[in-house]
Amino acid sequence: MTPVQQQINELTDRLNYYNDRYYQDSVSEISDQEFDALLKLLGDLEKSHPEFRRDDSPTQRVGGTISKTFQTVYHRYPMLSLDNTYSEDELRQFDTRVKKALGGEAYEYVCELKFDGISLSFTYENGVLKRGVTRGDGRRGDDITHNIKTIKSLPLRIRGTDVPPVFEVRGEGFMPFSSFQRLNADLEEMGEQTYANPRNAASGAFKLQDSSETARRNLDCYIYSFLSDDDFFPTHESSLAGLRKMGFNVSPGWRKCSDIEEAILYIREWQEKRFELPLATDGIVIKVNSYSQQQELGATAKSPRWAISFKYQAENKPAVLRKVSYQVGRTGAVTPVANLCAIEERDLPYDKVKGVHLSGTRVKRATLHNANELERLGLRTGDVVFVEKSGEIIPKVTGVDVAQRDFFLTEPVTFPLNCPECGALLIRREGEAAWYCPDERGCPPQIKGRIEHFIHRKAMNIESLGEGKIELLFDRGLVRSPADLYDLTYDQLLGLEKNILNEETGKSKRISFREKTVDNILKGIELSKTVPFRNLLFALGIRFVGATVAEKLAAYFGTMEALQAASYEQLVAVPEIGDKIALSLKAYFEDAYNQLEIARLKAAGLKFENDGKPVEVESDVLAGKTFVISGVFLHYDREELKQKIEANGGKVLSGVSGKLNYLLAGDNMGPSKLEKAQKLGVTIISEEEFTGMLPGA
């Protein structure tokens, strides 16, 4: 063994030990800075000597592998689905069937929390993780090994040696609430489509082609099953204890129950307690404990006869609507918000109420979306309304208990005619549900919102600023636009202070600008001058120009000057830039105030041209042709296909419609796009057929 290989092995073992201590024993033996330094050293050594990198190297947890395709893998043991029930009586009927099938033999159950995530299978050989696969159709799934290695709680090499040479474990991959909320906030800020719930977000993250992006989603997994050709464990109870000992992340909430009535008590216990967990749960799984009895009970073609899933009903509770307030966003959109209290708090001053207890938290505010929703619900202040959490996260009002309405004690809710912040007369654009405040230059929440958008990490990435600090700078009259940030001085900032009230919690936070804070703010502002042109274009907050559109515009025009000078016809010629975006861009750049703002940003030294090369024209053979790309491909990634289409005069669209010419279909493409294309008669082509359309084919 060479000295380099020995050093790589020692670092790998050492870092894996620290990971185990942290994720399995909740013990930090070294600081994060020391750990990161050792990890970087190992990564540098592996980069220079890739032949010595081990399969269980902790460097693989940060990702970095690009997968253009996911190989289909047949499961060694079929991944069956569970029968579901919402009824305690049906659980007793399940127990009767088990008792009859076992012929009076004694048995017991193990109850586990049912997490709302993605079923995954992991194969270990000689104690080392070799493969991670999705459930798929139960018989076969996709090999996503590079992505599942980014799960920090999943051991790449297990503890101990007393295990079969080959075995499989199964678990539920999930995205914690904190990661989900952070991801959706980033997507919303970038103008991208948000995820409806953590399960959808986790599913998308596990199938990303870039494993380094998967790593940034902070996914996790609870292991709940052990399988091997040997009878290694006699019971499910012993397997869970054994998995935990091996270093797997096993949910601590499981319990052995002597009979079905004890299992039902367990279900009732977790009815409310589950909301204290940091991830989504939707029920309880009940399994016969003995493996030999599981084999005796067997399975149908789809489901085991020795297990059943109990699902909780979505929690929906009554609350009193105290008032409706209105929030103004950075685009001027006015959103109605229900201010709620529990029924027993009806007569308390609103600042004294705690709210209705729902899904483990106290809810005082819930979105009402827009004026149309207000009209649909027919709300009156003082009404008893029904509230639930969408995906157990976002509170929303779902209906009104009209039977409890007292017309003498309630008042109709009407959407305001004027902006609640600045008093401007609201407008409603044709085809849109939202009402808008048009005073974008004088409305405080719009001004602060645009500056907060400007500093976002996917925009100018000024991490040293934030919502509270922007509010303080605004209140002191130091910033009224993003360009004002670049005029700030040390003397202006030092010593500024303010208490910032959190309307949701009612608590205040003190913001103080001391020496270190001021240094960090000014350094962050200076560093923002190095971010790419596409980020600046997104940061401007132009209506309908999200991060993806900004990137396309930057790549196509190359400079701010060229984009500002572009005609309507030139703008709509850009792939995926339609009439709405083009008109918004023209209106923005023709505005004298915006022209001055752009000039100030240019004078401050921000990047006004693209670092990358503009699209190089190869031919016009695809001129007038539109494409939608879906799936994964053998010779190109999706971005390369987009570039190839654009370089030959074609246009790439995001959705299937009757005007689409071609659906370019790869492996694992979305079934909804395929079905819609077939229904509309859109021509569906393969990667090979597309290549044949290009010059020189």
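The values are calculated or read from the model by the stated rules, or taken from the named source; none is laboratory data. For clarity, every value in this text was computed on a predicted model and none was experimentally measured. Don't worry about glycine lacking a Cβ; one is built from the backbone with ideal geometry, like all the others, and counts go over all protein chains shown.
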Tally the residues that are surrounded by 15 or more Cβ atoms within 10 Å (Cβ to Cβ) and under 34 Å from the mean Cα position of the chain (by Cα), restricting the search to segment 423-436. 4
Which of the residues belonging to segment 459-476 are closer than 15 Å to residue 510 by Cα, in contact (Cβ under 8 Å) with a residue 24 or more places away in the chain and of a type in the set (A, V, I, L, M, F, W, C)? 465, 472
Pairing a residue in segment 349-363 that is free of Cβ contacts under 8 Å to residues at least 60 places away in the same chain and assigned by TED's automatic domain parsing to the domain that holds residue 338 with any residue that is among the β-branched types (Val, Ile, Thr) and surrounded by fewer than 19 Cβ atoms within 10 Å (Cβ to Cβ), where Cβ atoms lie under 9 Å and the two sit 6 or more apart in sequence or on different chains, gives 355/361; 356/343
Inspect all residues belonging to segment 86-95 and state whether any of them is in contact (Cβ under 8 Å) with a residue 12 or more places away in the chain, closer than 23 Å to residue 197 by Cα and of a type outside the set (Lys, Arg). yes
Residue in segment 149-157 that is surrounded by fewer than 22 Cβ atoms within 10 Å (Cβ to Cβ), at pLDDT 95 or above and of a type in the set (Ser, Thr, Tyr) present: no
Can you go through 394, 447, 451 and tell me which one is over 22 Å from residue 366 (Cα atoms), surrounded by 14 or more Cβ atoms within 10 Å (Cβ to Cβ), within 27 Å of the chain's Cα centre (by Cα) and in contact (Cβ under 8 Å) with a residue 24 or more places away in the chain? 451
Give me the residue from segment 1-16 that is in a helix (DSSP H, G or I) and free of Cβ contacts under 8 Å to residues at least 12 places away in the same chain and, out of that set, nearest to residue 152 (Cα to Cα). 13
Taking segment 577-599 and the residues there that are surrounded by 16 or more Cβ atoms within 10 Å (Cβ to Cβ) and not polar (S, T, N, Q), the one that is nearest to residue 655 (Cα to Cα) would be 577
Right, residue 269: surrounded by fewer than 19 Cβ atoms within 10 Å (Cβ to Cβ) and within 30 Å of the chain's Cα centre (by Cα) or not? yes
Does at least one position in segment 208-215 carry a residue that is over 13 Å from the mean Cα position of the chain (by Cα), within 21 Å of residue 82 (Cβ to Cβ) and buried (at least 17 other Cβ atoms within 10 Å of the Cβ)? no
Would you confirm whether or not segment 414-421 contains a residue that is among the aliphatic types (A, V, I, L, M), in contact (Cβ under 8 Å) with a residue 12 or more places away in the chain and either in the same structural domain as residue 341 (by TED's automatic domain parsing) or part of a loop (DSSP other than H, G, I, E, B) (or both)? no
I'd like the residue in segment 37-80 that is surrounded by fewer than 17 Cβ atoms within 10 Å (Cβ to Cβ) and at pLDDT below 75 and, out of all such residues, is farthest from residue 636 (Cα to Cα). 62
Just checking, how many residues over segment 317-373 are of a type in the set (Phe, Trp, Tyr) and more than 27 Å from the chain's Cα centre (by Cα)? 1
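Any chance you could count how many residues in segment 620-673 are assigned to a loop (DSSP other than H, G, I, E, B) and closer than 23 Å to residue 136 by Cα?
8
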If you check residue 477 against the conditions, is it at pLDDT 95 or above, exposed (fewer than 15 other Cβ atoms within 10 Å of the Cβ), part of a loop (DSSP other than H, G, I, E, B) and not assigned by TED's automatic domain parsing to the domain that holds residue 363? yes
Considering only segment 370-426, how many residues are at pLDDT below 90, out of contact with any strand residue (DSSP E or B) (no Cβ under 6 Å at 6 or more places or on another chain), within 28 Å of residue 199 (Cα to Cα) and not hydrophobic (A, V, I, L, M, F, W, C)? 2
Residues (of a type in the set (Lys, Arg) and either part of a strand (DSSP E or B) or not assigned by TED's automatic domain parsing to the domain that holds residue 238 (or both)) located in segment 121-173: 130, 131, 140, 157, 170
Please specify each residue of segment 674-686 satisfying the condition of being out of contact with any Gly (no Cβ under 6 Å at 6 or more places or on another chain), in a helix (DSSP H, G or I) and surrounded by 13 or more Cβ atoms within 10 Å (Cβ to Cβ). 674, 676, 677
For segment 218-236, what are the residues that are touching a Ser or Thr at 6+ places or on another chain (Cβ under 6 Å) and either surrounded by fewer than 16 Cβ atoms within 10 Å (Cβ to Cβ) or within 21 Å of residue 149 (Cβ to Cβ) (or both)? 218, 220, 222, 226
From the options 354, 364, residue that is among the basic types (Lys, Arg), out of contact with any Phe, Trp or Tyr (no Cβ under 7 Å at 6 or more places or on another chain), more than 22 Å from residue 195 (Cα to Cα) and surrounded by 15 or more Cβ atoms within 10 Å (Cβ to Cβ): 364
The residue from 655, 696, 649 that alone is at positive phi and in contact (Cβ under 8 Å) with a residue 24 or more places away in the chain is 649
Conditions (1) closer than 22 Å to residue 420 by Cα; (2) at pLDDT 95 or above; (3) β-branched (Val, Ile, Thr): number failed by residue 331: (2)
Answer yes or no as to whether residue 195 is closer than 30 Å to residue 262 by Cα and assigned to a loop (DSSP other than H, G, I, E, B). no
